[in-house]
Every structure is written in structure tokens, then in C-alpha cells.
Amino acid sequence: MTDRLTIRRPDDWHLHFRDGAVMRDVVPYTARQFARAIVMPNLTPPVTTTALAAAYRDRIMAAVPEGVRFTPLMTCYLTDSTDAEDLARGAAEGVFTAAKIYPANATTNSAAGVTSIENLYPVLARMEAEDIVLCIHGEVTDHDIDVFDREKAFIDSHLRSLVAAFPKLRVVFEHITTSDAVDFVNAAGPHVAATITPQHLHINRNAMLVGGIQPHNYCLPVAKRESHRLALRAAATGGSPKFFLGTDSAPHLRSAKESACGCAGIFGAPYALESYLTVFDEEGALDAFEGFASLHGPAFYKLPVNEDTVTLERAQTSVPRCLHVTGEEIVPWHGGQTLGWRFLG
Ligand code: NCD
Ligand code: ZN
């Protein structure tokens, strides 16, 4: 039995840092495990221009602890009025690594998102020409579509045609939650990939709704039924370069989660690698972990792999019920549970 695993240092290809004091307190958790992270732009106001992204990147860098090497990779929040020229310049200058589509009102801080994806096609054409990666929150927002069907509906009504219209555009289908998404990505060409979160590998929707409402298991897209979770586990651990790590760590204070209208988002950063590795271990796929965590993402993003390594050992890790950001309580993913792997650094 393997009791120690050393892999190239991983990257987190989908992450929320927020801003200000919360950001300063959460950045160290990610920088401790990961070399780079794709930082989501859904701040208030959103990160829509090169200038805003460059300033945000500086604020993140200032929050990286002394002596720690960490590189934030910035994304542009696409809106109905995105300036393709500014986006192309930002990418050329190395400020933007990707741009993100949030369908308007699909999730936290997405009110300024795109109201019609098809209207964005001129911007997507420019992104294809400049080889800028497109990250997509793939859910429709129509009120008459059941929340559990919104990802599949997005594939059928938008994603299939988008990918066909821009055959060379690199597209990351973010935080996929369904077997439909797994099938879509597997059937698409090599320019279509997906990130998978730890929570969608660990839980199905029962964890959110059985035994009382469980706000700390609520994120968007919501966890689906068990058959979908199993499809995601097969995809993540199966060795395909189309699937890679993206925690979607989304810090919300405990008070905002445990509320009559609780926020969507799970704070997965603090024990992210322990969480993922537990899944790979359960699936008998430790050999596939480095690909998912450290190799497939850089290959897709056309970035070098990290040269240094991290080591995890088989040992119990007790995840605290509660951590603190800005002096307030925040509940981490797996809070109060014990995981079977420990991160050594
Ligand atoms: C994210 C957040 O809080 O910013 N929430 C979530 O449930 N995942 C936004 C997102 O990625 O949808
Ligand atoms: Zn997210």
C-alpha cells in the first residue's frame, strides 16, 4: 500500500479569493498547497478590464505570505459590453490568462453577467483568434428550468452550438456536476476540458437536503444525484487529460451560510489536496492523481508544469469545525471530519 505520495506541485484551476480583508486571510490557504490558481473575477464590482485585473493581482500578491511562491492567474469577467480590444491587450500583456462567462444571475455576484451568450460571439471570435481560454459557468437561469437540470439544459441550448461555432477556442466547462457534462466533454475535441471540485466528488444532493438543510454543502451548481457523482469520480480518476483540479473554493462567512437565504459556495481551499486524494485513494487511483492535480491543467492552459513537489502521507487529518477570517467564523469543507491523508508540504 502506498503510504506517501510525492507529486509535482498542483495548481487550482478555479478559485474565489474575494477582496479586501477576507482575501488577505484566505490567500495563504491556497498558496500553501498550490503554485498557481485561476482566480475568478466575480467581485463587486466585477473584474472586467485589464486595469482592474492588474490591480487585483497586485492586491493578491501582497497577501501571499513572505517566502511563499504563488502566482495568481487572472480572469476577465465577460459582460454584455466587454471591450474585446482591452481583453486581447490584457492577454497579450500577460495580465489575463482566461475570460469567464457567467450567465446573468446564475450564481454569487453574477448580476453583471452575460444576458445572451450569442450576443457575445464577436468577443468569442476575438478570443479564438488570440487563443485566450474561455471559462464557462454552465447553467441556464430560466425560471422554468429545474435547478437540477440547469447544467444539462445549458449544454443543449448553448454549449454545443458555442463549441461548434468556435472550433479552435479553448473552453473550460467549470465545476461540472453531471454525467451529461462528462459525456459532452469526452465527446468534444481536445480544446474542450472541465474542472471538477472536491465536493462534487464527495457528496450527492442528499448531503444537502437529508436530515435537515445543510447549508455548508450548498454550492452552485448544486450537487446532483448519486449516478452523477459516480460519473464525476470516474472522469476525475480515469486519467483523461480533459479533466483537472479546480476547487471552486468560495469563502462565505458562517453567518452568511447559516441564514434564511444562505449563500452558495463551499470554502474548500484549506484541505483541498487531502480531500481530493481521499477520493483517488477510495477509487484505487493514486497513480492518476498527479495528472489530475498537476499535469492536465498546465497542458490545457499551455503553461509549464511546476518544478517543485508536494508530499502527502497516509495519516489522519482532523479538519477543524471552524476557521476564522477577518475575526469571524468560516466553516471549511469537511469541517469537523477526519480525512485519511495529511499534507506535508
Ligand atoms: C461561487 C461564489 O461564491 O463566488 N459560488 C458557488 O457556489 N460555487 C460562484 C460560482 O462559482 O458559482
Ligand atoms: Zn466558482
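Here are a few things to note about the model shown:
- Yes/no for D287 being touching a Gly at 6+ places or on another chain (Cβ under 8 Å) and either part of a helix (DSSP H, G or I) or more than 16 Å from ligand 1 (Cβ to nearest atom) (or both): no
- Qualifying residue in region 1-20 (condition: within 16 Å of ligand 2 (Cβ to nearest atom) and either at pLDDT below 95 or among the β-branched types (V, I, T) (or both)): no
- Restricting region 239-271 to residues that are over 19 Å from G138 (Cβ atoms) and aliphatic (A, V, I, L, M) leaves a set whose member that is nearest to ligand 2 (Cβ to nearest atom) is A269.
- Selection within region 114-148 - of a type in the set (S, T, N, Q) and either in a helix (DSSP H, G or I) or surrounded by 13 or more Cβ atoms within 10 Å (Cβ to Cβ) (or both): T115, N119, T141
- Residue in region 80-94 that is under 30 Å from C261 (Cα atoms), modelled with pLDDT of 95 or more, crowded, with 22+ Cβ neighbours inside 10 Å and among the hydrophobic types (A, V, I, L, M, F, W, C) present: no
- All positions within region 9-38 that are within 15 Å of P270 (Cβ to Cβ), outside any helix (DSSP H, G or I) and away from ligand 1 (no atom under 16 Å from the Cβ): P10, F34
- The set of residues in region 94-105 being over 15 Å from the mean Cα position of the chain (by Cα), within 13 Å of ligand 1 (Cβ to nearest atom) and in contact (Cβ under 8 Å) with a residue 40 or more places away in the chain consists of P103 alone.
Per-residue answers, yes or no, for (1) away from ligand 1 (no atom under 16 Å from the Cβ); (2) surrounded by fewer than 17 Cβ atoms within 10 Å (Cβ to Cβ):
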position: V210; (1), (2): yes, yes
position: L220; (1), (2): no, no
position: A236; (1), (2): yes, no
position: P241; (1), (2): yes, yes
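- Candidates in region 57-76 are the residues that are assigned to a loop (DSSP other than H, G, I, E, B) and among the hydrophobic types (A, V, I, L, M, F, W, C); of these, the one that is farthest from the chain's Cα centre (by Cα) is V68.
- Being out of contact with any Leu (no Cβ under 9 Å at 6 or more places or on another chain), at negative phi and surrounded by 14 or more Cβ atoms within 10 Å (Cβ to Cβ) is a description that applies to L295.
- Candidates T2, T44, T6, filtered to the one that is within 13 Å of ligand 1 (Cβ to nearest atom), of a type outside the set (D, E) and surrounded by fewer than 18 Cβ atoms within 10 Å (Cβ to Cβ): T44
The values are calculated or read from the model by the stated rules, or taken from the named source; none is laboratory data. In this text the structure is predicted, and so the values were computed from the model without any measurement. Please note: Cβ atoms are built from the backbone with ideal geometry, for glycine as well, and neighbour counts cover all protein chains shown.
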